[in-house]
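Structure first, then comments.
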Amino acid sequence: MGCCTGRCSLICLCALQLVSALERQIFDFLGFQWAPILGNFLHIIVVILGLFGTIQYRPRYIMVYTVWTALWVTWNVFIICFYLEVGGLSKDTDLMTFNISVHRSWWREHGPGCVRRVLPPSAHGMMDDYTYVSVTGCIVDFQYLEVIHSAVQILLSLVGFVYACYVISISMEEEDTCLFCQDDAPS
């Protein structure tokens, strides 16, 4: 068996997906983004299942991972549309927090180069409102950072989908070959 087999590549890719999803999970927790937190949690579980299936030669687990990658691509396309405000979506809504809080993306105030300044609230403003925080000087706007995160997730998922399909087909061929050999064995 070669060093760079499809199985070995899928193991490395799943490990990379885990690192990427954990990084994203941390920043979504910091921003109290409950919908992405839930999605990332499910993604981490299924990637671990796919990793386990790949290591243990369990094609059914890899099939679950394959189906999930298609759903994960769909979710990340939605995230991209949400932050780029495509199709009537608005990044200023509380959709990502399930309308529980007024929190936004952590990157909104803490992006690279951003200078965060707390302004005194006006007489009409509320202390709990985020309108008194001024952010200037960002090198990259927060919505583009979120889009980059989702694009990386899409790329990893598409490559993972291809490798998972390849590993499933190879393991099914090996399984068929083993069954064929058992049928020809003298009794």
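The values are calculated or read from the model by the stated rules, or taken from the named source; none is laboratory data. These numbers were taken from a predicted model, which means no experiment stands behind them. Here the Cβ is made from the backbone with ideal geometry for all residues, glycine too, and neighbour counts use every protein chain on show. What goes into the accessible areas is simple: the full protein's heavy atoms, side chains included, and nothing from ligands, DNA or RNA. Shrake-Rupley method; radii C 1.70, N 1.55, O 1.52, S 1.80 Å.
A compact table of results
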{"read-out": "Subset of region 21-66 [outside any helix (DSSP H, G or I) and of a type in the set (G, A, S)]", "value": "G31"}
{"read-out": "Selected residue [touching a residue at least 60 places away in the same chain (Cβ under 8 Å) and open to solvent by 10 Å² or more (accessible area, probe 1.4 Å)] from L51, L89, L71, L84", "value": "L84"}
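For every residue, the table says whether it meets (1) modelled with pLDDT under 80; (2) part of a helix (DSSP H, G or I); (3) closer than 18 Å to F27 by Cα; (4) not hydroxyl-bearing (S, T, Y).
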position: F82; (1), (2), (3), (4): no, yes, yes, yes
position: T93; (1), (2), (3), (4): yes, no, no, no
position: R116; (1), (2), (3), (4): no, no, yes, yes
position: M127; (1), (2), (3), (4): yes, no, no, yes
position: T131; (1), (2), (3), (4): yes, yes, no, no
